[in-house]
Amino acid sequence: MTINTAIIGVGNCASSLVQGLAHYQNGGANEQIGLMHWDLGGYRPKDIRLVAAWDVDTRKVGEDVARAIFAKPNCTAIFCDHVPASGVRVEMGRVLDGVADHMADWPDDRTFLVADAPQPDKEQVVRRLRETEADVLLNYLPVGSQQATEFYAECALEAGVAFVNNIPVFIASNPEWARRFTEAGVPIIGDDIKAQLGATIVHRVLTDLFHKRGVKLERTYQLNTGGNTDFLNMSNKTRLASKKISKTEAVQSVAEHRLDDENIHVGPSDYVAWQNDNKVCFLRMEGSMFGGVPMNLELRLSVEDSPNSAGVAIDMIRCAKLARDRGLAGPIHPAAAYFC
């Protein structure tokens, strides 16, 4: 009983996911640490099998996924250095808007080097998904890749493959796309993966805590810095529109009352190269307690960004397969609410 999984984008998040699948393969008691669910609907991490992968970087295209996940510009933690060969070669992907122009201004080890290889059309990607009998297509494109994400969403629709959208490009939450997935009988989970214990989930829990304990939240900010390609990509503010909406609404949705726009700021703030895949969040919340007496909370959270999302991705893959097994179609809201 396997879950045939295809990946778009073999970056840091894919590296952590593939390392994690190797790490949790044997399922020893201690090795279950870090997973929210060991058995999910009868599926375990060892049931996830990689069958196809696409990327556009010349250092990854043509390589076995087990080697490609350690190629530059990937810089995430190596917690499993014995990833066995997968037998799956990284194929050239479709570029479209997946690589921002400003990425060319940085050293090779920090940025994408687009391969000089033919890019696939929709028919080729669909054919590959069908040949490999893929169950789930996982989107790990850079933030702001609207056209590229829509291209692969179209491929998933035509191939009948469940789509997991890990980035803040609105597909599952777009009524028109939601309708198309529903009518096609294809499940979709998205948009924008929520890390295991990252800035957004911590901010949400604390916002909810203010509400439950009778503290009026008046102002808040969440500032994030990091040094991976995700933060470098988002250093161009034009790539950030959907990300800021996604992260801001995640907090607003659990507040007792919506904050005015001028009183809430949530989003990536700066690229700090030496941090690599380490993400640092600076969180401040100001409010009023009993008698209107003011209070404030400040928090600093430091996490390795990509492993922080990998366990969540393992759950999303399994939920997508379960939805497919049960004939569900369109946005899978319970999974999206918990994981996105």
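The values are calculated or read from the model by the stated rules, or taken from the named source; none is laboratory data. The structure displayed is predicted, hence computed values, not measured ones. Every residue, glycine among them, receives a Cβ derived from its backbone with ideal geometry; neighbour counts consider all protein chains shown. For the accessible areas, the whole protein counts, side chains as well, though only heavy atoms, and no ligand, DNA or RNA atoms are used. Shrake-Rupley method; radii C 1.70, N 1.55, O 1.52, S 1.80 Å.
Here are the numbers:
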quantity	calculated
Cα-Cα over 28 Å, subset of K216/K243; K46/K247; K46/K237; K194/K216; K212/K244; K122/K244	K46/K247; K46/K237; K122/K244
For P294, net neighbour charge (Lys/Arg +1, Asp/Glu -1) across residues whose Cβ lies under 9 Å away	-2
Other-chain or far-sequence residues with amide H under 5 Å of W106's (modelled H)	none
Magnitude of the charge dipole, the chain, Cβ model with Lys/Arg +1 and Asp/Glu -1, debye to 20	660 debye
Accessible area per residue, Å², segment 32-156 with all protein chains present, probe 1.4 Å	47 Å²
Carbon and sulfur %, accessible surface of segment 37-116 computed with the full protein complex present, 1.4 Å	48 percent
Rg to Rh, two decimals, where segment 59-98 supplies the alpha carbon set and Rh follows Kirkwood	1.01
Farthest positive-ward along segment 237-320 dipole, Cα basis, beta-carbon charges - from P268, A313, S246	A313
Using θ = phi - 60° and Karplus 6.51 cos²θ - 1.76 cosθ + 1.60, couplings along segment 185-196 (whole Hz; Gly, Pro as x)	x, 10, x, 9, 10, x, 10, 6, 4, 9, 5, 4
Bins of 10 Å, starting at 0 and running to the largest distance - Cα pair percent for segment 1-109	14, 43, 30, 12, 2
Compactness of segment 133-220, expressed as Rg and Dmax over alpha-carbon positions, Å	16.6, 52
From phi via Karplus (6.51, -1.76, 1.60), per-residue ³J(HN,Hα) for segment 64-74 in Hz, x at Gly/Pro	4, 3, 4, 8, 4, 5, 9, 7, 4, x, 4
Accessible area per residue in Å² at 1.4 Å probe, computed on segment 285-340	47 Å²
Rounded percent of accessible protein surface that carbon and sulfur make up, segment 229-329, 1.4 Å probe	53 percent
Surface per residue (accessible, 1.4 Å probe) for segment 205-269, Å²	50 Å²
Length-normalised contact order of the chain in % [C-alpha pairs under 8 Å, at least 6 apart]	21 percent
Cubic angstrom per residue, convex hull over Cα atoms of segment 192-340	120 Å³
Per-residue ³J(HN,Hα) for segment 216-233, Karplus 6.51 cos²θ - 1.76 cosθ + 1.60, θ = phi - 60°, Hz, x for Gly and Pro	7, 7, 10, 8, 7, 9, 9, 10, 10, 10, x, x, 8, 5, 4, 5, 5, 4
Directionally averaged projected area (convex hull, Cα atoms, the chain), nm²	17.2 nm²
Selection of trypsin sites (Lys or Arg not before Pro), segment 259-301, meeting DSSP coil and at most 16 other Cβ within 10 Å	none
Share of alpha-carbon pairs per 10 Å distance bin for segment 258-340, given as whole %	12, 27, 28, 24, 9, 1
